[in-house]
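Report on one structure; see the data block that follows.
The values are calculated or read from the model by the stated rules, or taken from the named source; none is laboratory data. All of these numbers come straight from a predicted model, not from anything done at the bench. Note: ideal-geometry Cβ built from the backbone for every residue, glycine included; neighbour counts use all protein chains shown. Heads up: the accessible areas ignore ligands, DNA and RNA and are worked out on the full protein's heavy atoms, side chains in. Shrake-Rupley method; radii C 1.70, N 1.55, O 1.52, S 1.80 Å.
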Amino acid sequence: MLTAIWWIGVFIIWEAMIGYPITLIILDKILKREESQKDKNFEPTVTLMIVVHNEEKVIKEKLENAIHINYPKDKIEFLITSDYSTDNTNMIVDEFIKKHPEYRMKLYKTENHYGKTNAQNEAQKLVESEILVMTDANSMLGKDTVKEIVSSFADKSIAYVSGQLEFVNPDINMTTASEGFYWKIDLKCRDIESRIQTITAGNGAIYAVRNKEYIEVDPIECHDSVFPLLYALDGKRAIYNKNAVAYEKAGEVDLDEFKRKVRMNRSILKKIIPDIRIFNIKKSKWFTYFYFGHRTCRYLLWFSHATVLAVNLILAKKSNFWKVMLTLQTFFYGIGAIGWFFKSEIKMIKIVAYYCMTVSAQWKGVLNCICGRSKAIWDKSESMR
């Protein structure tokens, strides 16, 4: 029984980090699906929503970036949604609006600080445009990003489109360099998922939905993890458009990146199997495998690593095989600790350290869930501004 448990744990780790990307690439070569047809002449009305909370450092640059995007001025409006900002953010936005009356721009202020998703839920009620594009204050958009992301909605089956996030400082430190490495693999998986059927997650830097199909969700959730799931369960498609680019700084302080990972896992226990309908292969089709490999297995990394180590400790006296396995695990975690605490410049050590940090952040997220400390609000990473 213990041996079986150990191998199941190993399989989950393998599938999450290596097996799933490999099988997805093979599947892509077999099915040879093309990208969804885009129509660059498709120009519906658009609202660009920018959710902010105390973003006085970057909000003016963000607004300048927004008004210079390439989209017909009479078909786009800008909705800055302030989640109870207490610094100079609201004043800066008001002044910007007054100086640029030629743009349809307005500021919506929430009465309480309940987090990004709650602010989006409130502000969406004011939107009348066909397409709602959402972005963060510290994410700068490419000039054609909005036009590109909107072009995907020419396909009526598509309800959600996630753009591509590119880091502008990929080699600053251990976390930024490694985040870029893992991010490339993740984007490759999303690209294939998108072409075959539907993605399992997007990113908060740049994404869009049909306004009439916006779903109001619990403020503890993030759109980038819950929207693709909900649309897939409803038989709609969520896709990845790699040409709709947003640029952002990765966390330049290792602890900032750890905190960001913890925030991403604030509802991790619910996400392992959020809805049993996922495993209805007849209806979900490829999404069943996509979610299992890309989400369920990844959300179980914290449990799998602990289980594999614990079982190995019990079985270490049984044979040399188990002694070797325990030695390899100890060596792996030791390398991770060295990379984190001593800031090694060796690339492989950085990657191992980043991976161990990610699993540790999952554990922190799990403990927060169990102890009731998960919350919809968080302290932003200043090094990403």
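Extending 7 Å from Cα along the Cβ direction at residue 330 and again at residue 309 yields two label points whose distance is 1.3 nm. Farthest towards the positive end of the charge dipole of the chain, among the residues 365, 146, 41, is the Cα of 365, using unit charges on the Cβ of Lys, Arg, Asp and Glu.
Rounded to the nearest 5, what is the percent of antiparallel bridges among the DSSP beta bridges in the chain?
Of those bridges, close to 30 percent are antiparallel.
Relative contact order of the chain: 21 percent, from C-alpha pairs under 8 Å at least 6 residues apart in sequence. Given +1 at the Cβ of Lys and Arg, -1 at the Cβ of Asp and Glu and no other charges, the dipole of the stretch 20-89 around its Cα centre is 400 debye to the nearest 20.
When the Gaussian network model of the chain links Cα atoms closer than 10 Å, the mean-square fluctuations of 144, 83, 136 top out at 144. Shape class of the stretch 233-370 from the Cα gyration tensor (axes a ≥ b ≥ c, square roots of the eigenvalues): oblate, since a/c reaches 1.5 or more and a/b does not exceed b/c. Here residue 188 sits with roughly 90 square angstrom of accessible surface, probe radius 1.4 Å. Measuring against 29 Å, Cα to Cα, the residue pairs 99/212; 259/350; 73/125 contain 99/212 as the ones spanning a longer distance.
Rank by packing, highest mean first: peptides 4-12, 25-33, 195-203, 292-300, with packing defined as the count of other Cβ atoms within 10 Å averaged across residues.
195-203, 292-300, 4-12, 25-33
For the chain, adding -39500 (n - 2.57) for each run of n ≥ 4 DSSP H residues and dividing by the number of residues yields -15000 deg cm²/dmol at 222 nm. Heavy-atom accessible surface of the chain, averaged per residue, reaches 47 Å², computed with a 1.4 Å probe.
Just list whichever of 40/261; 75/375; 236/270 have alpha carbons separated by over 31 Å in the model shown.
Those over the limit are 40/261; 75/375.
Sorting 233-246, 363-376, 343-356 by average packing, meaning the other beta carbons within 10 Å per residue, from highest down gives 233-246, 343-356, 363-376. When the chain is treated as a GNM with alpha-carbon contacts under 10 Å, the residue of 258, 290, 181 showing the greatest mean-square fluctuation is 181.
Can you give me the C-alpha center-to-center distance between the stretch 72-102 and the stretch 351-385, rounded to a whole angstrom? Cα centroid to Cα centroid, the span is 31 Å. Near residue 239, once Lys and Arg are set to +1 and Asp and Glu to -1 for all other residues with Cβ below 11 Å from its Cβ, the sum equals +2. Mean sequence separation of contacting Cα pairs (under 8 Å, at least six apart), scaled by the length of the stretch 5-96, corresponds to a relative contact order of 33 percent.
I'd like to verify something in the chain: which complete DSSP H helices, judged by Cα projection on the helix axis, reach 27 Å or more and average at least -0.5 on the Kyte-Doolittle scale? Correct list, ordered by number: 174-196, 320-342, 347-371. I want the local charge near residue 39. Using Cβ-Cβ distances under 12 Å, sum +1 for each Lys or Arg and -1 for each Asp or Glu among the other residues. Charge balance in the 12 Å sphere: +1. Relative to one another, the C-alpha centroids of the stretch 21-45 and the stretch 303-335 are positioned 41 Å apart.
Across the stretch 172-303, Cα pairs under 8 Å and at least six residues apart give a relative contact order of 31 percent. Here each label is just a point 7 Å from Cα along the line to Cβ, and for residue 379 and residue 215 those points are 3.3 nm apart.
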